[in-house]
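Student: My questions all concern the structure below.
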Amino acid sequence: MIVVAIIQIIFSIYIIWKISTSFDLAANYLTRNMAQGIKGPTINAAASSLPELIISSMFLFYYKDIEGFSAGYATIIGSSAFNIACIPIISYLFLYYKNKKVELKIDRDVVVEDTFFLILSFVILFFGFYFGLNLFISFLLIILYIIYVIYIYNNRTSRKESQNIQASSSNSINTKDNSFNLLYSILNLRLFTIIFNNRLSTFSSYFVILLSVILIGTSCHLLINAVDLISDFFNINLFFSAFIIVAISSSIPDTILSVKDAKNGRIIDSFSNAYGSNIFDICIGLGLPLMVYNFMYKSISIDSPIDRIGFIGDYFLDDNLFLWSLIILFFFTLMVSCIYFYRSLNLKTVMLVLSIYIIFILLLIIY
């Protein structure tokens, strides 16, 4: 059983990883005229966060109880922490590999804007944990994301963005292979090559995005089944399996798209994709399934405790893992955002952010 689960996880990660390349080509084409700083937190963030939306929906409507919501929520918060800590770092390390002297200074306005909306989504969710995850809370989360997208589009279109680094890569979009190899393209899920013979157009881009969503959804279903098997095998709560395995697996598209943007010199998009993905995850990834669930059934109460691993919950917040995880995610986000605001990305910053990320994981586990 455990071997089957591991194979399912590996296969799911492979599909999500490979399909991200085709999706990136389609997204680049459709957003080729957008100002920098818009594509990352909107188009890339929404589409690359589809795994989290699909997974949280599957968990919630499959279990139809607090356990299903907790697993989807764990995926969201685990992905959120991974996104803002690891995605900018991984993107930087790819550039560092090419140029050991590279040091990135992230636009401070972008840091403030994205952090503000992300913190605001935490606040709404916090009230939801106190007063119930009802229709009103889910509606507020969805409205917040709409406001975020409108603000980002208007503000960053009118404001001239400056790049802190000139990447050697070209911004041109290229789907041509040096030599056409059908088997190689199939194994790597190069959808433009397989279906459209490398012809890039508006129609082919929309088609590839739709097909990518279907393939990612199928992979998410396999991933959920695998995590369920692992939870039963090791007799641990689904919350922690989702937090560790599903959260990181579902963040693969975000990571790949951010790395590609960084390599193409779109540093603002690369960074903002991580934050935009988190805002999408919480506002839409949680808000939309909750809204549908509230229409079909009833609001979710989080009074039922989750089986914890640690001991802190015996003395703090009355055994409420939901509140504890949101509080430490709040302070984790503030700390990492302050680092990005005041310091450039270099190897010292990388080590500092990774250390905070490890502390965050430990605090969640020992609660």
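The values are calculated or read from the model by the stated rules, or taken from the named source; none is laboratory data. What you are looking at is a predicted structure, and each value in this text was computed from that prediction instead of being measured. FYI the Cβ positions are ideal-geometry reconstructions off the backbone, even for glycines, and counts take in every protein chain you see.
Student: Can you tell which of ILE248, ILE252, ILE267 is surrounded by fewer than 19 Cβ atoms within 10 Å (Cβ to Cβ), β-branched (Val, Ile, Thr) and under 30 Å from ASN99 (Cα atoms)?
Tutor: Answer to the check: ILE248.
Student: Would you say LEU182 is farther than 21 Å from ILE10 by Cβ, modelled with pLDDT of 80 or more and not acidic (Asp, Glu)?
Tutor: So LEU182 does not fit the description; no.
Student: Out of everything in the range 303-349 that is among the aliphatic types (A, V, I, L, M) and in contact with a Leu (Cβ under 7 Å, 6 or more places away or on another chain), what residue ends up being surrounded by the fewest Cβ atoms within 10 Å (Cβ to Cβ)?
Tutor: Once the filter is applied, the top-ranked residue is LEU317.
Student: Inside the range 83-108, can you point out the residues that are in contact with a strand residue (DSSP E or B) (Cβ under 6 Å, 6 or more places away or on another chain) and part of a helix (DSSP H, G or I)?
Tutor: Selection gives TYR92 alone.
Student: Sticking with this structure for a sec: With the condition kept exactly as written, say whether any residue in the range 281-302 is more than 23 Å from ILE147 (Cβ to Cβ), more than 17 Å from the chain's Cα centre (by Cα) and small (Gly, Ala, Ser).
Tutor: yes
Student: So is ILE279 among the aliphatic types (A, V, I, L, M), surrounded by fewer than 24 Cβ atoms within 10 Å (Cβ to Cβ) and in contact (Cβ under 8 Å) with a residue 12 or more places away in the chain or not?
Tutor: For ILE279, the condition - among the aliphatic types (A, V, I, L, M), surrounded by fewer than 24 Cβ atoms within 10 Å (Cβ to Cβ) and in contact (Cβ under 8 Å) with a residue 12 or more places away in the chain - is not met.
Student: Pairs only if they're at least six apart or on different chains, beta carbon under 6 angstrom, first in the range 197-216 and more than 16 Å from SER49 (Cβ to Cβ), second among the β-branched types (Val, Ile, Thr) and surrounded by 18 or more Cβ atoms within 10 Å (Cβ to Cβ); list them, first residue then second.
Tutor: ASN198/THR175; LEU200/THR175
Student: Could you please let me know if PHE11 is more than 19 Å from the chain's Cα centre (by Cα), at pLDDT 85 or above and not hydroxyl-bearing (Ser, Thr, Tyr)? Walk me through it before giving the result.
Tutor: Values: more than 19 Å from the chain's Cα centre (by Cα): yes; at pLDDT 85 or above: yes; not hydroxyl-bearing (Ser, Thr, Tyr): yes.
Considered against the rule, which asks whether it is more than 19 Å from the chain's Cα centre (by Cα), at pLDDT 85 or above and not hydroxyl-bearing (Ser, Thr, Tyr), PHE11 comes out as yes.
Student: Consider ILE38 carefully, then state whether it is of a type outside the set (S, T, N, Q), within 17 Å of the chain's Cα centre (by Cα) and modelled with pLDDT of 75 or more.
Tutor: Details: of a type outside the set (S, T, N, Q): yes; within 17 Å of the chain's Cα centre (by Cα): yes; modelled with pLDDT of 75 or more: no.
No: the conditions fail for ILE38.
Student: Restricting to the range 199-245, name every residue that is surrounded by 16 or more Cβ atoms within 10 Å (Cβ to Cβ) and part of a loop (DSSP other than H, G, I, E, B).
Tutor: Result: LEU200, ASN237.
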